[in-house]
Amino acid sequence: MTAAAKDRIGPLARSVIAGDRRALAQAITLIESTRADHRDDAAHLVDLLVAKAGGSFRLGISGPPGVGKSTFIERFGLHLIEEGHRVAVLAVDPSSRISGGSILGDKTRMPDLSRNDAAFIRPSPAGDTLGGVARRTREALIACEAAGFDIVIVETVGVGQSETAVAGLTDAFLLLLQPGSGDELQGIKRGVMELADLLVVNKTDGTLREAALLAAAEYRAALGLLRPTKEGWTPEVLSCSGLNGTGIEEVRAALERYRAILVGNGTIARLRAEQNRHWLKTELTEGLIERLRTDPRVAKAIARLEKEVAAGRRTPLAAAEEILAALSLPDRPKPG
Ligand code: GDP
């Protein structure tokens with residue numbers, strides 16, 4: 001970290017911690033940048049913010065496209081704000097680049113919530129890799145917490161790619177479903193179902209009400225076969241309408257019950273410790289791969305040894321060991 005970078009990042013961190021929303025937006029833009037010099041700045045920034053983070057309830061919300069995620073989050077978010085909370089929403093969408101069916105980019109998805117001073121809504125652009133998306137989301141979450149948001153919702157599209165990553169950085173995972181289509185038809189993978197601490201059948205209103213209640217009963221029966229998701233917690237199935245607000249109180253109450261039990265028995269603390277250990281390993285692996293890709297000594301060794309291996313003069317194992325040895329890991333002098 002150069003002195004100039006310190007001069008840039010220190011004040012930005014202080015503004016974020018003071019709750020300045022423009023600074024928070026700017027911080028997340030820096031965190032999301034893929035430029036190498038920005039990565040260094042972002043890492044320094046997150047280092048400064050992390051001491052002020054950790055104070056929120058981190059809620060993952062997922063569900064297939066059209067199930068009503070934005071309608072639900074708007075209603076639910078406003079409810080939380082009425083209780084006195086400050087709510088940040090980070091929308092993650094690694095699939096949009098492939099499918100074009102983005103959950104993002106539409107600033108009008110949650111119009112009332114986005115206008116509210118106690119809310120902060122941030123769509124994250126699609127990343128190149130799921131690991132990249134998860135890393136940036138984790139860092140954005142830390143920034144939101146440092147800025148004083150005490151409930152952070154991480155929203156994903158819910159077709160199976162990103163849920164494991166999101167479940168790996170949240171305290172609770174809520175899966176939104178809709179009536180009458182069955183989980184196969186909704187494109188929900190069994191693995192995603194098994195991650196859910198709460199299953200909420202949305203659209204329990206009007207002509208869809210009966211079908212929604214039936215679907216909830218079916219999910220409840222199916223859930224009987226599932227294990228507890230966390231120590232002290234067996235998943236629950238609830239019904240609600242994001243549109244007219246029915247059942248929103250019950251969802252809120254279930255989440256509060258969940259939080260109280262899992263904070264009380266130490267599960268959330270253990271979960272976060274485990275998530276941090278996992279994060280460290282991921283950063284290590286990705287850092288090593290990045291060094292392998294970019295280190296000139298490794299490139300030279302690969303160029304030389306590839307030929308030897310192709311010609312049968314060296315075994316791949318011996319060559320791989322020699323390449324790894326080329327990546328000796330001296331302490332890189334810390335700039336600044
Ligand atoms: P998302 O793609 O999951 O974010 O879904 P949206 O919130 O954009 O909603 C998709 C469609 O379902 C819209 O036409 C909404 O008006 C409708 N919708 C959302 N929530 C409800 C609900 O609780 N009841 C009914 N009947 N329709 C809903």
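Amide hydrogen proximity for Phe120: with H placed 1.01 Å from N in the peptide plane, the residues at 5 or more positions away or on another chain lying under 5 Å are Val87, Ala88, Val89.
For helix 69-82, report the angle its Cα long axis makes with the longest principal axis of the Cα atoms of the chain; keep it between 0 and 90° and round to the nearest 10°. For 69-82 against the chain, the angle is about 80 degrees. Rounded to the nearest 10 degrees, what's the angle between the helix 296-310 long axis and the longest principal axis of the chain, both from Cα atoms, 0 to 90? It works out to around 80 degrees.
Take the Cα of Arg270, step 7 Å toward its Cβ, do the same at Ala222, and the gap between the two points is 2.9 nm. Extending 7 Å from Cα along the Cβ direction at Glu283 and again at Ala43 yields two label points whose distance is 0.8 nm. If you plug the beta carbon distance of Ala325 and Glu210 into 1/(1 + (r/R0)^6) with R0 = 56 Å, you get a FRET efficiency near 0.25.
Here is how the number arises for the chain: DSSP H runs of 4 or more residues each give -39500 (n - 2.57), the sum is divided by the residue count, and the result at 222 nm is -17000 deg cm²/dmol. With respect to the chain, whose longest principal axis is taken over its alpha-carbon atoms, helix 21-32 is tilted by about 50°. The DSSP beta bridges internal to the chain are antiparallel in roughly 5% of cases.
A short reminder: the numbers here are calculations on the coordinates, not readings from a lab. These numbers were taken from a predicted model, which means no experiment stands behind them. No Cβ is skipped: glycine too gets one built from the backbone with ideal geometry, and neighbour counts run over all protein chains shown.
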